[in-house]
There are 2 protein chains.
Amino acid sequence: MDELNPRIARAALSRLMEPSDLQGMALLKILGPVQTLAVAVGRIRLDAESERAVAELLDEETALEWRGLEDCLARWRPRLADLAPERDLGVMQRLGGGLMIPEDAAWPRALSDLALTEPIGLWYRSAAMAADRLIPQLEDCIAVVGSRDSTRYGESVTAELVHGLAGSGKTILSGGAYGIDAAAHRAALQRQSGMQPGVQPGGWLPTIAVMAGGLDRFYPSGNEGLLREVAARGILLAEVPPGSNPTRYRFLQRNRLIAALSCATVVVEARWRSGALNTAHHALGLGRAMAAVPGSVYSANSAGCHRLLREGAQCVSDAAEILELVLPIGSMAGERSTESRETDGLSPQDLMLLDALPLRSEAVVEKLSAVAGLQEGAVRAGLGRLEVLGLAKRGTEGWLRSHRRSGVSDRH
Amino acid sequence: MDELNPRIARAALSRLMEPSDLQGMALLKILGPVQTLAVAVGRIRLDAESERAVAELLDEETALEWRGLEDCLARWRPRLADLAPERDLGVMQRLGGGLMIPEDAAWPRALSDLALTEPIGLWYRSAAMAADRLIPQLEDCIAVVGSRDSTRYGESVTAELVHGLAGSGKTILSGGAYGIDAAAHRAALQRQSGMQPGVQPGGWLPTIAVMAGGLDRFYPSGNEGLLREVAARGILLAEVPPGSNPTRYRFLQRNRLIAALSCATVVVEARWRSGALNTAHHALGLGRAMAAVPGSVYSANSAGCHRLLREGAQCVSDAAEILELVLPIGSMAGERSTESRETDGLSPQDLMLLDALPLRSEAVVEKLSAVAGLQEGAVRAGLGRLEVLGLAKRGTEGWLRSHRRSGVSDRH
């Protein structure tokens, strides 16, 4: 194998090391992929100066100590026999994919926020990407995640949120699982199908699924059709090479990628304990927006969302409120159209006067002054303002209430 | 009338001035009730030094300027003819009530947080209070408020929250309106009825209704039965004297009293625009806890709650989460009983190992080392730990998975 090629080296390292193998990642930062692989396979020795740098990096960035190279080698050795990076790259190429690496211009810069846990590379599978599409930049990616055992409420909210976000040119990231994840991917693809070809934002990518296992298989199998469609029109991503099982550990690690690639993570439904909360906490830790959709306090599937709201997540009810989180200029949600009340904008004094005006009989200024608790001059001035607003009218003997429009207020 | 009696003076002033008449309140702070009334009725003149103090106080505490006494007198003069404080006190006494004033030892100290808008006095109506009960102290009072046009969801949540809060000895404050307010008062009274006499916390008062109009009438009339029961077993309060109409302005002012008397204000259901939000904002402004109950994003009656959540309200789903807000020691909601997972507390390495263990066949240490990506020593140590936990067992040829208990995780 061509050990001078960083792509081949990273392909091999992604099989050798589990995601976020911190000692391995520290070696990689100091030596680069080609030399790290050479050290890992025992072709070259680790010089003392580099080892000191690795130990220092670990000490600075983690709670972990460098316990010597042998500690790493013993962990990687059992997998050395399986190393076949060129075969792995070939497998993915035949499936319409490949391995993106930090040395590529197209590498998503957002991942560097993961520091030492930045992935070794990203295996991808995508017909859309082959046609020269890249992972959209951070501000155009929004993660929509949630429980596998979703309710119809959660699926319906997901579909509406994603419809609005996709309609604003956002790419929807999720984990490809049953439930909310599947609903999110599906809604993004449907939004694309519903668009006139000319209307599609240039280069807009509907959805990205970040998987916990190798991309040569579709997991879970019940989502095969959906995931094939994501690979055809969006992107499948994974940091583990083809043939890797989606283990629990890899699911948890995968969540950090979803959070890091997205400017906001929205949890639509989640139980009190749910992996979606893990994704949300990663988002918060990375300084990304963390949002949760509220639901009935009687729904166990919303308990995790309410937990997040108590932990600092933004409460979002629709796509506009999510967009507001990622577009700090302007306040779209604040502009929510709502029926205005005829008493909007009245001063307290004019409100008092309005309350004092009789609906059917008429009242003279002196009477209004006593009822409203305002001096007569203030009553006269106020009546003038209310008359202009259509809220007061002159009768034959005094004044009475008028109406701009009929409207029942919710509560005083 | 006995102008040297501060109760009589305040009874008169509460008819003369609308709630939060800032110029009047500044006069009251500087002169005290007896002299303020004497000035208001024209019996004595305002000396220059006092007037300067009043102007300074207004300047410091409000955005309002002192425009001279005549400005106030012109506002109050129309109501002078109606002044009959001894009659008002007599009316309330016959109804089983009276007027509590800041000069009383029993005056709720919490109201001083309202500064210049502290009420002139509190008219009350209460059989329970006549029997020597007082308004409970701040930390024992919780406001539960919401829309008049409540849904069954809101009423049901209100009943459950109040049941739990009342069971913890809290007094429920609300506004006596239809909908959530009525559900809150009713649930508190029912909780009391359901208690064995001996079980009732000593001196516990179930509920207080703070009204916008005079307490000689029950408003709204559809709540008459309920409000009579509140007067019998709890307290009705108002800052306006008997005979006063519940005007819009007085409803808004009333909300500040509910917020000030309660250590937390919980909004159960509210539309995007609702007076309940006004109460919640008062609570926030006073440094009290502000909480909102989430609901379906499709329910217009929860839109105001979600708005509050976006504005900094705490998300609460049950009574324990409300109590947690007002009992900062300990974290009751954090202790929520929830089924634990068998993988709880495992290190990432042991989790990797667990994932690598086959369910039916058996695997030797070398194989586990390669699959899990852990060195053999780590595999052996981890197998020991997992065996102790009942998660791994030795077979005839190697190791396989075992189970502490059956449990399906929600999502990885």
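Each reported figure results from applying straightforward, stated rules to the coordinates on display, with no laboratory input. As the structure is a computational prediction, the values presented were derived from the model and not from experiment. Don't worry about glycine lacking a Cβ; one is built from the backbone with ideal geometry, like all the others, and counts go over all protein chains shown.
What is the fewest-to-most order of B:399, B:107, B:66 by other Cβ atoms lying within 10 Å of their Cβ?
Fewest to most other Cβ atoms nearby, the residues stand as B:107, B:66, B:399.
Between residue A:43 and residue B:86, what is the label-to-label distance in nm when each label sits 7 Å out along the Cα-to-Cβ direction?
10.9
222 nm [θ] for chain A, helices only, -39500 (n - 2.57) per DSSP H run of 4+, per residue, to 500?
Rounded to the nearest 500, the figure is -13500 deg cm²/dmol.
Sequence gap at least 6, Cα distance under 8 Å: using those rules, report the relative contact order of chain B to the nearest whole percent.
This gives 12 percent for chain B.
How many angstrom lie between the Cα centre of the range A:250-276 and the Cα centre of the range A:120-191?
12
Starting from the eigenvalues of the Cα gyration tensor, five times each then square-rooted, give me the equivalent ellipsoid semi-axes of the protein assembly as shown, largest first, whole Å.
Those come to 67, 29, 24 Å.
Classify the range B:130-273: rounded, prolate or oblate, from the alpha-carbon gyration tensor (a ≥ b ≥ c, eigenvalue square roots; a/c under 1.5 rounded; otherwise prolate if a/b is larger than b/c)?
oblate
Could you tell me which of rounded, prolate or oblate describes chain A, using a ≥ b ≥ c as the square roots of the eigenvalues of the alpha-carbon gyration tensor, with rounded for a/c under 1.5 and, failing that, prolate when a/b is larger than b/c and oblate otherwise?
Verdict is prolate for chain A.
Below 8 Å between Cα atoms, with a sequence gap of 6+, how large is the relative contact order for the range A:191-267 in percent?
35
For the range A:6-83, what class follows from the C-alpha gyration tensor (a ≥ b ≥ c being the square roots of its eigenvalues): rounded when a/c is under 1.5, otherwise prolate if a/b is larger than b/c, else oblate?
The shape class here is prolate.
Could you identify which residue out of B:109, B:233, B:15 has the top mean-square fluctuation in a GNM of chain B using Cα springs shorter than 10 Å?
With Cα springs under 10 Å in chain B, the top fluctuation among B:109, B:233, B:15 is at B:109.
Roughly what % of DSSP beta bridges within the range B:110-335 run antiparallel, to the nearest 5?
If I count the DSSP bridges inside the range B:110-335, around 15 percent turn out antiparallel.
What spacing in nm lies between the two simple spin-label points modelled at residue B:160 and residue B:221, each 7 Å away from Cα in the Cβ direction?
So the two model labels end up 3.7 nm from each other.
Run through the DSSP bridge list for chain B and note the antiparallel percent, rounded to the nearest 5.
If we restrict to bridges inside chain B, about 35 percent are antiparallel.
Rounded to the nearest Å, what's the spacing between the alpha carbon centres of the range A:42-113 and the range A:342-384? Just the number, please.
When both Cα centres are located, 78 Å separates them.
If you take the beta carbon distance between residue B:343 and residue A:103 as r and set R0 to 51 Å, what does 1/(1 + (r/R0)^6) give as a FRET efficiency, to the nearest 0.05?
0.90
Among bridges DSSP assigns within the protein assembly as shown, what percent are antiparallel (round to 5)?
35
Can you list the residues of the range A:275-301 with backbone N under 11 Å from a point 7 Å past the Cα of residue A:311, pointing along Cα to Cβ?
Once the point is set 7 Å along Cα→Cβ of residue A:311, A:275-285 turn out to lie under 11 Å by backbone N, inside the range A:275-301.
Over chain B, with a Gaussian network built from C-alpha contacts below 10 Å, which listed residue (B:254, B:75, B:273) shows the highest mean-square fluctuation?
Checking each option, the largest mean-square fluctuation is seen for B:75.
Give me the extension gain from residue A:127 to residue A:300: residue separation times 0.36 nm, minus the current Cα-Cα distance, reported in nm with one decimal.
58.4 nm
Loop only by DSSP, 14 or fewer other Cβ within 10 Å of the Cβ. Give me the trypsin sites (Lys or Arg not before Pro) in the range B:31-73 that pass, ordered by residue number.
Within the range B:31-73, the qualifying trypsin sites (Lys or Arg not before Pro) (loop, at most 14 other Cβ atoms within 10 Å) are B:43, B:45, B:67.
What's the FRET efficiency of residue A:388 with residue A:137 using the Cβ-Cβ distance as r and R₀ = 60 Å, to the nearest 0.05?
The pair residue A:388/residue A:137 has a calculated efficiency of 0.70.
At q = 0.14, 0.27, 0.28, 0.30 Å⁻¹, what is the log10 ratio I(q)/I(0) for the range A:348-401, with the Debye formula run over Cα points and no solvent?
The computed values of log10 I(q)/I(0) come out as -0.26, -1.06, -1.15, -1.34.
Among B:379, B:326, B:34, whose mean-square fluctuation peaks in a Gaussian network model of chain B (Cα, cutoff 10 Å)?
Looking only at B:379, B:326, B:34, the largest GNM fluctuation is found for B:379.
Report, ordered by chain and residue number, the lysines lying within cross-link reach of residue A:367, taken as a straight Cα distance under 20 Å and ignoring same-chain residues fewer than 8 apart.
A:393
Order these by the 10 Å Cβ neighbour count, fewest first: A:298, A:153.
Final ranking by Cβ density, sparse to dense: A:298, A:153.
Given R₀ = 30 Å, what would the calculated FRET efficiency be for residue A:193 paired with residue A:245, taking r from the Cβ atoms and rounding to 0.05?
0.40
Is any helix in chain A, taking whole DSSP H runs, at least 27 angstrom long along its axis by alpha carbon and on average at least -0.5 on the Kyte-Doolittle scale, and which ones?
Helices passing the filter in chain A: none found.
Considering only the label points, 7 Å along Cα→Cβ from Cα, what distances in nm to one decimal separate residue B:59 from the same position in each other copy, shortest first?
Ordered by distance, the counterparts are at 6.3 nm.
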